[in-house]
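Structure, as structure tokens:
Readers should treat all values here as calculations from the given coordinates under stated rules, not as data from a laboratory. What you are looking at is a predicted structure, and each value in this text was computed from that prediction instead of being measured. Here Cβ is always computed from backbone atoms with ideal geometry, including for glycine, and neighbour counts include all displayed protein chains.
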Amino acid sequence: MVIYSSCCRDFDLIFVQVKTKTLDISVKPQLGAENHDAAFIPIIRSGACADIGFRSSMEDVYICADNFMSDYGLKNANDGPNSFYGVFDGHGGKHAADFACYHLPRLIAEDEDFPMEVERVVTSAFLQTDSAFAKACSLDAALASGTTALAALVVGRLLVVANAGDCRAVLCRRGNAIDMSNDHKPMCSKERKRIEASGGYIYDGYLNGLLNVARALGDWHMEGLKGDGSDGGPLSAEPELMTRQLTEEDEFLIIGCDGIWDVFRSQNAVDFARRRLQEHNDPVMCSKDLVDEALKRESGDNLAVIVVCFQSDPPPNLVAPRPRVHRSISAEGLRELQSFLDDLAK
């Protein structure tokens, strides 16, 4: 069953016909070196929670599909897991976030190359969703807004994370936090170079003095951010992909909008979630625990988080083994000890 947040399930924007042909995009696989544990099959369990926080309106949405192919009418090509998770952090309104939440997974599912070419299909779906929203905005100016987007897919043992913006995905591998995405802020050196090469600039930490993210879907109404040329403008909708082969050491994945990461470091969030999962082993409760803790830490933004577990058991206790101390005594030492004991017996 697909679980949406807010009104994403009932999304009722102007209908936009989207052709799902695969774009000519080359994405080099970034498979991890963990080729052992070939027999490991993830057992997927997920939970999500969202809260308006201290804001006057809610612009974060999410989607959880533990059985992605079945939920979207696809024939499962293998017996392993196939799941889709997404978080979308809207700005300037919620329309772009709702639009992306509704259309992005469908564009992936409808592509004839999915799941065989999952990385290229996901990248194509991000760009097609962005173009489709531009068309929707041209028909109804009231829809004008933007959203960051992060999608995570589990296909068999392969974890694919695609990110455009400052949402973040963090993998817990035997208690260690592994960032599966980068925060696309204008001040990042890589993003700054891309922005300036596309004719944009950074003012006071903001892209063209307008946005505090360097990648996002939507925002077509903002002059100078996006274009139809080959460079596409300084605000990019193309996601950055990270992939990894899951092993039995991988325990869970945290996906959150920036309101979570404003008050949690990656390792801090993993430590916190791990303790909660050890207590109740429930990803739904764990996601609520993370949101509640972010509120206690006075995060000033909307909050949305998804926790995806890859094991049926709770995370194990990690107790460092006590070093074995090797002690030995020489023959001379034994003679001295015996002599000492003999003296005591006299």
Subject >> Estimated vicinal HN-Hα couplings, Hz - segment 239-252 in sequence order (Karplus 6.51, -1.76, 1.60; Gly, Pro = x) >> reply: x, 9, 9, 10, 10, 7, 7, 6, 10, 5, 7, 7, 9, 6
Original post:
Rounded, prolate or oblate: which fits segment 234-287 when a ≥ b ≥ c are the square roots of the eigenvalues of the alpha-carbon gyration tensor, with rounded for a/c under 1.5 and prolate only if a/b beats b/c?
Top reply: oblate
Original post:
Could you give the length gained on full extension between Asn268 and Glu196, defined as 0.36 nm per residue of separation minus the Cα-Cα distance, in nm?
Top reply: 22.5 nm
**OP:** Give the shape of segment 208-252 as rounded, prolate or oblate, defined through the alpha-carbon gyration tensor: a ≥ b ≥ c are the square roots of its eigenvalues, a/c under 1.5 means rounded, and otherwise the shape is prolate if a/b is larger than b/c and oblate if not.
**Re:** prolate
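Once fully extended, how much extra length lies between Tyr206 and Asp179, figured as 0.36 nm per residue of separation less the alpha-carbon to alpha-carbon distance? Intermediate values should be presented prior to the final figure.
Values: separation 27, 0.36 × 27 = 9.72 nm, distance 2.38 nm.
Full extension from Tyr206 to Asp179 adds 7.3 nm.
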**OP:** Search the structure for amide H atoms under 5 Å from the amide H of Gly233, placed 1.01 Å from N in the peptide plane, and list their residues when 5 or more places away or on another chain.
**Re:** Gly227
**OP:** Rank by packing, highest mean first: peptides 136-145, 159-168, 40-49, with packing defined as the count of other Cβ atoms within 10 Å averaged across residues.
**Re:** 159-168, 40-49, 136-145
Original post:
So what's segment 2-319 giving for Rg/Rh, alpha carbon basis, Kirkwood Rh from the mean inverse pair distance?
Top reply: 0.95
**OP:** Once you have the Cα-Cα distance between Glu298 and Glu279, take 0.36 nm times their residue separation minus that, and quote the gain in nm to one decimal.
**Re:** 4.4 nm
Original post:
Going highest first, how would you order 284-296, 212-224 by mean Cβ packing within 10 Å?
Top reply: 212-224, 284-296
